[in-house]
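Written below as structure tokens is the structure these notes are about.
The values are calculated or read from the model by the stated rules, or taken from the named source; none is laboratory data. Note that the structure is predicted; figures quoted are calculated from it, not measured. All Cβ positions, even for glycine, are placed from backbone atoms using ideal geometry, and neighbour counts span all protein chains on display.
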Amino acid sequence: MKKIKNLVIGGIQNKVFNLILITVILMIGVFTGVAIYQFRTFNRIFEETHQRQKTAVLTISSDTMDAVIDSSLSNTTDMEAYIADDVFRELRNEVNLLAEYATDIAENPGDYPEAHLSRPQKGLQGTTAVQLVTASGVDIDDHDVVHDVRLFGNMSGVLTATYDSMDINSCYMSTPAGIMIVADPYSGDRIDADGNYLTIESEQRPWYIGAVEAGDVYFSDIMTDTFNGRKTIVCSKPVYYRDGELAGVIGIDLYLDSIADSVEQSASEGSFVFIVNDSGHVIFSPKTEGAFKATPETAEVDLRKSENAELADFITDAIEGKTDVRQLDADGGTWYMSGTKMPTIGWALINVVDKSVTDRPTDLMEEQYEKYLEEAAVGYRDSLSHSNATILVLLGLVLLMSLAMGLSLAKRIVRPLNGLTKRIGEISEDNLQFMMEDQFRTDDEIEVLAQSFADLSRKTIQYVNEVTRVTAEKEHIEAELDMAKAIQASQLPNIFPPYPEREEFEIYASMTPAKQVGGDFYDFYMIDDDHIALVMADVSGKGVPAALFMMISRILIKNRICTGESPGEALYNVNNQLLEGNEAELFVTVWLAVIEISTGKGISVNAGHEHPALKHAGSDYELVTYRHSPAVSTMEGINFKEREFTLEPGDSIFVYTDGVAEATDIEDQLFGTDRMLEALNSDPDAGAEQTLKNVMDHIEEFVAGEEQFDDITMLAFKYLGSKG
């Protein structure tokens, strides 16, 4: 050990100094290594966390959007197809009514007077008129021609009424003798410039040939009207004599403007609707180019044979029934598509949504996420750069400071980084929240970095919560619709037996609501001690407007009947009241009857409703079919035809809405009135409640769990007679 002046070399002071110096250098080295390791680890965790957060958020957003698209697009397609198909159901019903009337004339000619028909007249152009038109070479004095004119000329009134009640081109009956009885406003167009009557070879027309070959209702292909250029379709049905000989063919030529307009108006940003016929041809579409445009009859393209195999399979499935929501690449884009068959006519309605539009929320979220991440990364890089400079300065100062200062500084820097690294490592898809803690509040770059992560976590959670909120609002709306259905059902009589003290009759009614709020309702009430009123009705349309219209109709009918008006008088006044301010143009079909309990005598009115089923004591249920009055709230001043009947003890009446006959199974087959009668007659002498249970059991077995789109409403009344 040497001593040079006051400096001792090799002594305890030097060793302590060397020990402190070596310790400080070693600690600096360890601290430097730990800091480098921590920053590298932090960088790696930062990148991994970013990817996990990004994947989690985008997955949640994408799954939520897919679920919303799958549910809403499928439901919307079903609803739009049902509405579009209703036009053809109504057309088919009108053709059936005309055919029933013509069949009655053909089978009971003695019940009708000799009729006379006029030839076309120039002066009647523009006025609805019934004209006699013939095929070429037909002699109007021929025995068969005269016979058909005198007999089926009795169709004039009902043809005129049908034309005036519908937006149609014309309605007519054509017979094998070569005559055609036509109701339309084109009388003057059937006379040429020389005054000669133009002929129509009706037996050569597709609608005539198709109806005869089918032996039932037949829909033609779409045609362009000769007189006004509007698109039309013909619904026709053959009529036969009792011996099975063809008496003629009934036809209605319907304008398709409403469907064309609805399809045209369906186009919005990234979505539209088009319709294909049963041959795979696009017949209505808002598109003017591309694979989805409507083509003229001369250039029809069968999409079932498209080179795009996925599109061809989708169109084939849609025409055959109902498709799921599918994602297809077609026509230069990627689309979500859903299709549903229109069962009455065999066409299919296709709903199309551009995938790029549905992806916008996710793309926007990803863009915002990247923006927030870049802001955090910039803050991180600035903090890291500043930290490096600070560490270099600190390293220089640490060489001159004591070991205790070095240890304190090491703790101050390393401990918050360890905590920050641990918290970031705990972030996962199930826990996206990063909270500021006291250990991160270091008043330096570590706090800035931790605050950046906290801000990014908060914004990410806000977006996920917003997606969750939107989903919850949708569920809330559906819950309110369910409540509306419950309120609607509670307005109907639901306590059975309703009159336990009355032994002269049994009555039971039920309404099984469909998914949508509807307009079906039944009602019954004692007018006085010896008279009971029975009501079964169905409001057009669905949703809240139909439900409100139903409640108003029910109250008005009850008020009128309870004031002593007959069924015909009551519906006459209710019809005029409902037409006041009926801007939605809703209407209601009604079967209304008042029965005198002591005698079984009754008076009924059928305003466009389903045929009731009647069972006499000791026999089976049968449909009571006769010509109905128009539906209520269709036109002002309607006189509703009353029909008298008498019930004997043991007789029963069963009334229902179209939801019974139109219950649909998985193959889109209808339950129909034949199956309904079979259900009723499975136990024809059952009480009122058991009768409804028998019908409902048969319907449930038939539909096999398939969702129904219309309410199933029924009422049974069994007359037991006076016990006195």
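What number of residues within segment 515-535 satisfy the criterion of being in a loop (DSSP other than H, G, I, E, B) and of a type in the set (Asp, Glu)? Result for segment 515-535: 2. So how many residues does segment 132-150 have that are crowded, with 19+ Cβ neighbours inside 10 Å and either free of Cβ contacts under 8 Å to residues at least 24 places away in the same chain or closer than 21 Å to Leu97 by Cβ (or both)? Count: 1. Inspect segment 691-714 for any residue being buried (at least 19 other Cβ atoms within 10 Å of the Cβ), modelled with pLDDT of 95 or more and under 30 Å from Gly581 (Cβ atoms) and give the result as yes or no. Within segment 691-714, one or more residues are buried (at least 19 other Cβ atoms within 10 Å of the Cβ), modelled with pLDDT of 95 or more and under 30 Å from Gly581 (Cβ atoms). If you take the residues in segment 628-657 that are of a type in the set (Asp, Glu) and part of a strand (DSSP E or B), which one is farthest from Met536 (Cα to Cα)? Only one residue tops the list, namely Glu644.
For every residue, the table says whether it meets (1) within 30 Å of the chain's Cα centre (by Cα); (2) assigned to a strand (DSSP E or B); (3) of a type in the set (D, E, K, R).
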| position | (1), (2), (3) |
| --- | --- |
| Ala537 | yes, yes, no |
| Ile552 | yes, no, no |
| Ile555 | yes, no, no |
| Gly564 | no, no, no |
| Asn573 | no, no, no |
| Val590 | yes, yes, no |
| Val594 | no, yes, no |
| Val605 | no, yes, no |
| Ala617 | no, no, no |
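Lys287 passes every criterion in (1) under 14 Å from Leu349 (Cβ atoms); (2) touching a Lys or Arg at 6+ places or on another chain (Cβ under 7 Å) apart from (1). For the condition assigned by TED's automatic domain parsing to the domain that holds Glu320 and more than 24 Å from Pro296 (Cβ to Cβ), Ser271 qualifies.
Only one of Tyr186, Tyr197, Tyr208 is closer than 19 Å to Val145 by Cα and at pLDDT below 95; which? Unique residue meeting the criteria: Tyr197. Restricting Val605, Val574 to those that are touching a residue at least 40 places away in the same chain (Cβ under 8 Å), crowded, with 16+ Cβ neighbours inside 10 Å and hydrophobic (A, V, I, L, M, F, W, C) reduces the list to Val574. Scanning segment 295-334 for residues that are in contact (Cβ under 8 Å) with a residue 40 or more places away in the chain, crowded, with 17+ Cβ neighbours inside 10 Å and under 24 Å from Ile222 (Cβ atoms) gives Ala318, Ile319, Lys322. Which of the residues spanning segment 632-670 are under 15 Å from Glu610 (Cβ atoms) and either free of Cβ contacts under 8 Å to residues at least 24 places away in the same chain or surrounded by 23 or more Cβ atoms within 10 Å (Cβ to Cβ) (or both)? Selection gives Val632, Ile653, Phe654, Val655, Tyr656, Thr657, Gly659, Val660, Ala663. Selection of segment 273-303 for residues being β-branched (Val, Ile, Thr), modelled with pLDDT under 90, outside any loop (DSSP other than H, G, I, E, B) and closer than 25 Å to Asp78 by Cα yields only Ile283. Which numbered condition in (1) at pLDDT 95 or above; (2) over 29 Å from Ile233 (Cβ atoms) is the only one that Asp104 fails? So the condition that Asp104 fails would be (2). Of all the numbered requirements in (1) touching a strand residue (DSSP E or B) at 6+ places or on another chain (Cβ under 8 Å); (2) in contact (Cβ under 8 Å) with a residue 60 or more places away in the chain, Ser165 misses one, and that requirement is (1). If the condition is being part of a loop (DSSP other than H, G, I, E, B) and either farther than 20 Å from Thr625 by Cβ or not aromatic (Phe, Trp, Tyr) (or both), then segment 658-681 contributes Glu662, Ala663, Asp665, Ile666, Glu667, Asp668, Gln669, Asn681.
Could we say that Asp164 is out of contact with any helix residue (DSSP H, G or I) (no Cβ under 8 Å at 6 or more places or on another chain), exposed (fewer than 15 other Cβ atoms within 10 Å of the Cβ) and farther than 27 Å from Thr224 by Cβ here? In short, no. Within segment 544-567, residues that are within 22 Å of Pro513 (Cα to Cα) and touching a residue at least 40 places away in the same chain (Cβ under 8 Å) have Cβ atoms under 6 Å from residues that are polar (S, T, N, Q) and outside any loop (DSSP other than H, G, I, E, B) in these pairs: Ala547/Gln488, counting only partners at least 6 apart in sequence or on another chain. All of (1) within 30 Å of Val95 (Cα to Cα); (2) polar (S, T, N, Q); (3) in contact with a strand residue (DSSP E or B) (Cβ under 8 Å, 6 or more places away or on another chain); (4) at pLDDT 90 or above hold for Gln327 with one exception: (1). Which members of segment 82-127 meet the condition of being part of a loop (DSSP other than H, G, I, E, B), touching a residue at least 12 places away in the same chain (Cβ under 8 Å) and farther than 27 Å from Ile191 by Cβ? Within segment 82-127, Tyr112, Pro113 meet the criteria.
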